[in-house]
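Below is one structure, written out as structure tokens; the observations come after it.
The values are calculated or read from the model by the stated rules, or taken from the named source; none is laboratory data. It should be emphasised that the depicted structure is a prediction, and the values quoted were computed from it without experimental measurement. Because the Cβ atoms are built from the backbone with ideal geometry, glycine has one as well, and the counts that use them run over all protein chains shown. Surface accessibility is based on the protein's heavy atoms, side chains included, excluding ligands, DNA and RNA. Shrake-Rupley method; radii C 1.70, N 1.55, O 1.52, S 1.80 Å.
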Amino acid sequence: MNRAELADFLRRGRARLEPSDVGLAPGARRRTPGLRREEVASLAGMSVDYYTRLEQRRGPRPSRQMLTALGRALRLTDDERDHLFHLVGEEPPRRDAASGHVRPGLLLVLDRLYDSPAQVVTDCGEVLAQNALAKALVGDASARPPRERNLTRRFFLDPTARALFPAEDLPAHARDHVANLRAVAAARPDDPEPAALAAELRAASEEFARLWEEHEVSLRRPRTKRFLHPVVGLLELECEVLLSHHSHHHLIIHTARPGTESHDRLQLLGVVGLQDLTPRNTAR
């Protein structure tokens, strides 16, 4: 691990970015150009102290997952991401395999979609990046442990994930998750990730195992989806799926038709954001 080169690379990567480049408000005037350390740490899902130590040449070796998160936070290109891995003494991920690295251009599009919930998801259902409105709609994936950031795993193993949808829509969502994973596993026979996820869920969920045996195949497609939000209520949204075949990533965007109740509620959600407006018992 080349601590001196790593520290310099991180500082220079941070200095070349403005808050608007990563979807942040400019805020007060800055003494020096670039992002603050705490902003990079927040974007990467790490503590400020850990990131600071990396820039000060005294941090421990980052994990591969942390390197991927830093690459996203600093909007690194594929070549820059590979260089980051080399500085830590790690072999970069294969270019032709599914990757947790999101291209800067795709992240730029995500940041500009301020009025529509949008997130970047792998074809296996791993949530890699979200804009603020997506976090407000379905929750902040980066705040969960890594294993709980997969949409398919959460749907079948975490009951709270199903509370996002009306009960009558759940069977269709279950079938879609299984059919998509089966299609991905068949398309990538040499990649252990989709096969391992399917094996895990077949063992852990009777519902998944039953649907898997039906052998339905269908990749994610544009459709209308309904969400139950605890503050703004029911939203009926159009789901568009934009594909990036090179890295097996999907940009999933949810929009509401202007003039509809769902459109008004989505605008309200943009104001409410991640605030907790649930009533509290103040009696003593």
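General remarks:
- Looking across segment 54-63, the residues that are open to solvent by less than 20 Å² (accessible area, probe 1.4 Å) and not in a helix (DSSP H, G or I) come down to Gly59, Pro62.
- Where helices (runs of 4 or more DSSP H) fall entirely within segment 111-170, those with at least 2 residues that are within 15 Å of the chain's Cα centre (by Cα) are at 132-138, 151-157.
So that you can scan it fast, the table gives a plain yes or no per residue for (1) open to solvent by less than 30 Å² (accessible area, probe 1.4 Å); (2) closer than 17 Å to Gly139 by Cα:
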residue: Arg175; (1), (2): no, no
residue: Leu181; (1), (2): yes, no
residue: Glu193; (1), (2): no, no
residue: Ala198; (1), (2): yes, no
residue: Glu216; (1), (2): no, no
residue: His248; (1), (2): no, no
residue: Val272; (1), (2): yes, yes
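- Filtering segment 198-212 for residues that are assigned to a loop (DSSP other than H, G, I, E, B), in contact with a helix residue (DSSP H, G or I) (Cβ under 8 Å, 6 or more places away or on another chain), hydrophobic (A, V, I, L, M, F, W, C) and over 14 Å from Ser116 (Cα atoms) leaves an empty set.
- Selection status of Phe165, aromatic (Phe, Trp, Tyr) and either open to solvent by 20 Å² or more (accessible area, probe 1.4 Å) or more than 16 Å from Leu228 (Cα to Cα) (or both): yes
- Checking every residue in segment 98-120 against the condition of being in contact with an Asp or Glu (Cβ under 8 Å, 6 or more places away or on another chain), modelled with pLDDT under 85 and open to solvent by less than 20 Å² (accessible area, probe 1.4 Å) gives at least one match.
- Only residues that are out of contact with any Cys (no Cβ under 8 Å at 6 or more places or on another chain) and in contact (Cβ under 8 Å) with a residue 24 or more places away in the chain were counted in segment 161-186, giving 15.
- A single member of Met46, Met1, Met66 is closer than 21 Å to Pro92 by Cα, in a helix (DSSP H, G or I) and open to solvent by 10 Å² or more (accessible area, probe 1.4 Å), and it is Met66.
- Residue pairs whose Cβ atoms lie under 8 Å apart, separated by 6 or more positions or on different chains, with the first residue in segment 187-216 and in contact (Cβ under 8 Å) with a residue 24 or more places away in the chain and of a type in the set (A, V, I, L, M) and the second open to solvent by 60 Å² or more (accessible area, probe 1.4 Å) and not in a loop (DSSP other than H, G, I, E, B), are Leu201/Leu157; Ala204/Leu157; Leu211/Arg175.
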